[in-house]
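First comes the structure, then the notes that go with it.
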Amino acid sequence: MAKKPGLRGLSMNQQYYEAILQLRSPSEKVTDFVVSAINRASRKTLVSRVVTLKTGVDLFISSRAFAVSLGRRLFGCFGGSLEISKRLYGLSKDNKRVYRVSVLFKPPCFRQGDVILYEGHIVLVSSLGRQAKGTDLDTGRRAVIDYKKDAERLEVRKSVVTKLHPWLEAMHPETFETRPVYNKEYASGLGLRQGSRVRVVISQGRVYAVDC
């Protein structure tokens, strides 16, 4: 399979730029989204240079409007944080102010399908966008996730149901001991049987069923 050209494969015009698209900790999906958007854009929209940083990458783009639009599309698709700022660059030939724009985009630390610890709740993330949504694994209720608040991504592990009565138990994936499943209400809707394989997360020593 041919290797994707990535950001370095974009057309370059080193003489001019109006905006800097700053991608921080971008995933491969984010990078592919940006490359595809630029390749589909007008020939007037070019990348003057790409600067790789420890924290991500900066793309110097010839169109302010395109950079702002792309930043908003990234936020609408992937969520996270978006900051748009401008600074005075100079004056045009007719003495109008000329600005350069910075578009800073950072995706969230979690993805669709991840399980996170959010405000003391264990949440299965179902969708991203301007708002992240998910399911509270304690109650089964819908949860809305604020990107500005702290969230910790939890590792999803494989386990097996060891007991159904008098309460649901599963094997702890680290100690291999049988432990009660803490979110019994949610787990009751998974159709589990003794010996069923189940995916779990561990938080504060408690076993939470995710899905099977």
- Which residues, taken from segment 173-206, are on the phi > 0 side of the Ramachandran plot and under 28 Å from the mean Cα position of the chain (by Cα)? 204, 205
- Flag for residue 29 being among the basic types (Lys, Arg) and either over 23 Å from residue 132 (Cα atoms) or crowded, with 16+ Cβ neighbours inside 10 Å (or both): no
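Per-residue answers, yes or no, for (1) free of Cβ contacts under 8 Å to residues at least 24 places away in the same chain; (2) within 30 Å of residue 32 (Cβ to Cβ):
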site: 116; (1), (2): no, yes
site: 124; (1), (2): no, yes
site: 127; (1), (2): yes, yes
site: 143; (1), (2): no, yes
site: 146; (1), (2): yes, yes
site: 152; (1), (2): no, yes
site: 157; (1), (2): no, yes
site: 162; (1), (2): no, no
site: 186; (1), (2): no, no
- Item | Members of segment 85-127 that are out of contact with any Asp or Glu (no Cβ under 9 Å at 6 or more places or on another chain) and among the small types (Gly, Ala, Ser) | 85, 90, 92, 113, 120, 126, 127
- Answer yes or no: is there a residue in segment 62-82 that is crowded, with 16+ Cβ neighbours inside 10 Å, under 14 Å from the mean Cα position of the chain (by Cα) and assigned to a strand (DSSP E or B). yes
- Task: Please name all residue pairs, on different chains or six or more residues apart, with Cβ atoms under 7 Å, provided the first residue is in segment 68-81 and is touching a residue at least 12 places away in the same chain (Cβ under 8 Å) and farther than 13 Å from residue 128 by Cβ and the second residue is surrounded by 18 or more Cβ atoms within 10 Å (Cβ to Cβ) and of a type in the set (Val, Ile, Thr).
- Result: 68/101; 68/103; 70/34; 71/103
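All of the numbers you see were taken from the coordinates with simple rules; none came from a lab. Just so it is clear, the model here is predicted, and its values are computed rather than measured. Using ideal geometry, Cβ is built from the backbone for each residue, glycine included, and neighbour counts are taken over all protein chains shown.
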